[in-house]
1. Compute, for residue 230, the solvent-accessible surface of its heavy atoms (probe 1.4 Å) with the complete set of protein chains present, and express it in square angstrom to the nearest 10.
2. Please state the relative contact order of the chain as a whole percent: Cα pairs under 8 Å, 6+ residues apart?
3. Leaving out same-chain residues fewer than 8 places away, which lysines sit with a Cα under 28 Å from that of residue 3?
4. Roughly how much of residue 124 is accessible, in Å² to the nearest 10, using a 1.4 Å probe?
5. Report, to the nearest whole %, how much of the accessible area of the range 25-139 belongs to carbon and sulfur atoms, 1.4 Å probe, protein only.
6. Using only Cα atoms, locate the centre of the range 175-211 and the centre of the range 105-136, then give the distance between them in Å, rounded to an integer.
7. Would you please put 111-123, 179-191 in order of how densely packed they are, using the mean number of other Cβ atoms within 10 angstrom per residue and starting with the highest?
8. With +1 on the Cβ of every Lys and Arg and -1 on the Cβ of every Asp and Glu, and nothing else charged, how large is the dipole of the range 40-298 about its Cα centre, in debye rounded to the nearest 20?
Amino acid sequence: LGKPLWMWLVFVGVVVALLAFDLGVLHGDDHEIGVAESLRLSAMYIALGVSFSGFIWWQMDGEATAQYLTAFVVEKTLAMDNIFVIALIFGFFAIPRQYQHRVLFWGILGVILLRGIMIALGATIVEQYHWVLYLFAIFLIFTGIKMLFASDAPHSLEDNRLVGVLRRCFHVTGGPRGHAFFVRERHPETGRMTRYVTPLFLALIVIEVADLVFAVDSVPAVFTITTDPYIVYTSNIFAILGLRALYFALAAILHRFAYLKYALSVLLVFIGSKIFVADLMGWEKFPPTWSLGITFAIL
């Protein structure tokens, strides 16, 4: 994957240490995360994500650092759209706020694995077929334009096929059973002890699938910034690690983000158009510092 094994091990070690600290120290007990705690945690994760750029600069160069920071900001911005969907999912399954962090914590483990697979496949395809970057770019431009004219009507999970399949495949409890994902309860018809899944498990599965859908936009977006799989993956994961903490601060005030849809739309069109602008201008690539500055300006 383009970098020495020890660099990947350093990154994995940092992520594992953060997750262990998060679960074992910060959230050893179930409690409702308030806005103040959420903002403190978000600031910590953002600081760590930005600080990792120092490691990128030390081991690579200034251009790679600018690419990492741009990718981190883009991923963070696109991930904000996830918050709307996560809030919708938690509301639909009536997940109490004190258990929402547990669902998001275990969800991040799936995200780390699934995005790793997607990025590894994407890096291999781009290396073998460079023209795929142009398809990514066209897809991003199309997605941005489509988002601009998308309806603002609220989504509903009531008729969602995935939710229907999960409910047909599993015995589901009538409500949460503490923070458990699985419980054994007596079946009302047979009287036998039966394994049930709780709404927390259903919410976890739906959130994982939703992240895969969002990754279809965000992963190609980063590949149009850089094709280095190390930068693509580390920026992705650092951006998503902080998303869980940021969720609790933003979920209550999402309605105030009146122009988020337009900002995301313009950002996707800009990221997608960079490769064509670079070709027209005769550049080897779009200047990373310009990309970072324009991204901040859009935000």
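The values are calculated or read from the model by the stated rules, or taken from the named source; none is laboratory data. The structure presented is a predicted model; accordingly, all values stated were derived computationally and were not measured. Counting neighbours? That spans all protein chains shown, and the Cβs are built from the backbone with ideal geometry, glycine included. Please note that ligands, DNA and RNA were not included when accessible areas were found on the heavy atoms of the full protein model with its side chains. Shrake-Rupley method; radii C 1.70, N 1.55, O 1.52, S 1.80 Å.
1. For residue 230, the solvent-accessible surface is approximately 0 Å².
2. Numbers: 324 pairs, mean separation 106.1, N = 299.
Across the chain, relative contact order equals 35 percent.
3. Within reach: 76, 274, 285.
4. The accessible area of residue 124 comes to roughly 80 Å².
5. Numbers: 3620 of 5290 Å².
Carbon with sulfur: 68 percent of the solvent-accessible area.
6. Answer, in whole Å: 31.
7. Working: 111-123: 16.7, 179-191: 11.6.
The peptides rank, most packed first, as 111-123, 179-191.
8. Details: 19 positive and 16 negative charges, 240 e Å.
In total the dipole reaches around 1160 debye.
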